[in-house]
1. Viscosity 1.002 mPa s, temperature 20 °C: Stokes-Einstein D of the chain from its Kirkwood Cα radius, in µm² per second?
2. Just to be sure I understand: of the beta bridges DSSP finds with both ends in the chain, what percent are antiparallel, rounded to 5?
3. State the extension gain, in nm to one decimal, for the chain segment bounded by E248 and E7, taking 0.36 nm per residue of separation less the distance between their alpha-carbons.
4. Compute, for D242, the solvent-accessible surface of its heavy atoms (probe 1.4 Å) with the complete set of protein chains present, and express it in square angstrom to the nearest 10.
5. With +1 on the Cβ of every Lys and Arg and -1 on the Cβ of every Asp and Glu, and nothing else charged, how large is the dipole of the stretch 106-239 about its Cα centre, in debye rounded to the nearest 20?
6. Among the GluC sites (Glu not before Pro) within the stretch 73-107, which fall in a DSSP loop and have no more than 15 other Cβ atoms within 10 Å of their own Cβ?
7. Return the ratio Rg/(2.2 N^0.38 Å) for the stretch 163-295, where Rg is computed over Cα atoms only.
8. Starting from the Cα-Cα distance between R89 and T273, subtract it from 0.36 nm times their residue separation and give me the gain in nm to one decimal.
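The values are calculated or read from the model by the stated rules, or taken from the named source; none is laboratory data. Not measured: the values here are computed from a predicted model. Neighbour counts run over all protein chains shown; Cβ positions are idealised from the backbone, glycine included. Please note that ligands, DNA and RNA were not included when accessible areas were found on the heavy atoms of the full protein model with its side chains. Shrake-Rupley method; radii C 1.70, N 1.55, O 1.52, S 1.80 Å.
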Amino acid sequence: MNRLTTETRNTQTMHLDEMTIQDALLTINREDQKVPKAIEQVIPQLSQVITSAIQRFNRGGRIIYIGAGTSGRLGVLDAAECVPTFNTRPEEVVGIIAGGQKAMTVAVEGAEDDSEQGAQDLKDIQLNDNDIVIGISASGRTPYVKGALTYANDIHADTVALSCNTNSEISACAEHILEVNVGPEVLTGSTRLKSGTAQKLILNMISTMTMIGVGKVYDNLMVDLRPTNKKLVNRSITIIQDICDLDEQDAQTLYEEAGNHIKTAVVMYLCNTTKEDAETRLYKSNGVIKQAINV
């Protein structure tokens, strides 16, 4: 453990408890600024991960995040946010945390040390060779994650190891390696800080770029969001306004005529066609608007 960067004492914060609040905050902020630079170093590898995720998602495969503690919670969070943001089904982007849903709010004793349970949790969701499994562990040595990745390899799913230490143990268990060395934490060993921030940013990139790749974004607009509340209904109408250059009332009318479906409304307008034809075009184009309007 002492050799892990995530467990090393940070020389900039040796007297953290003696700093003024402002000085401590400035120090934390300076340390946090190192995170994006560390991520920049793994962009080439991250691009390969996302390419695989797009290919597998388009074939009906799933993106599966699995981890323990903070790492597991971040995976569950990213998976959950894909449902309203990109209108995915809950089974398409899956977050699994050691210890189950209880572990989202309460530490489950010993859950991260159970490598067999890591494999079993993937068996329980019928993991198959079309899926991509992203194991998340700040230390890079979590047995639960190692067990999950080893099982995923055995059935020929694609595998990714995301850690915050170099030459990590989980890296030896994965096809794709993402080692983001953010340096020692401000508070020694508290990987919910810089390590957690790095993991959150990378998961944001994976899910966002994958969903762009499968046609759930038009320019920089979320054209496949699920309008589950008034705010998202208003956002849907605004998106139609922006793309089609319509006033609010006309955009709302078009939205309703399209069955409250942004993509259908946009294709109806841009192609000057019916709802049925727009839906057919989208079906033939795998939901990609820019392809649908050229069918």
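1. 104 µm²/s
2. Close to 5 percent.
3. 81.3 nm
4. Surface accessible to solvent at D242 totals approximately 100 Å².
5. Dipole of the stretch 106-239, to the nearest 20 debye: 940 debye.
6. Answer by residue number: E91.
7. 1.47
8. 63.4 nm
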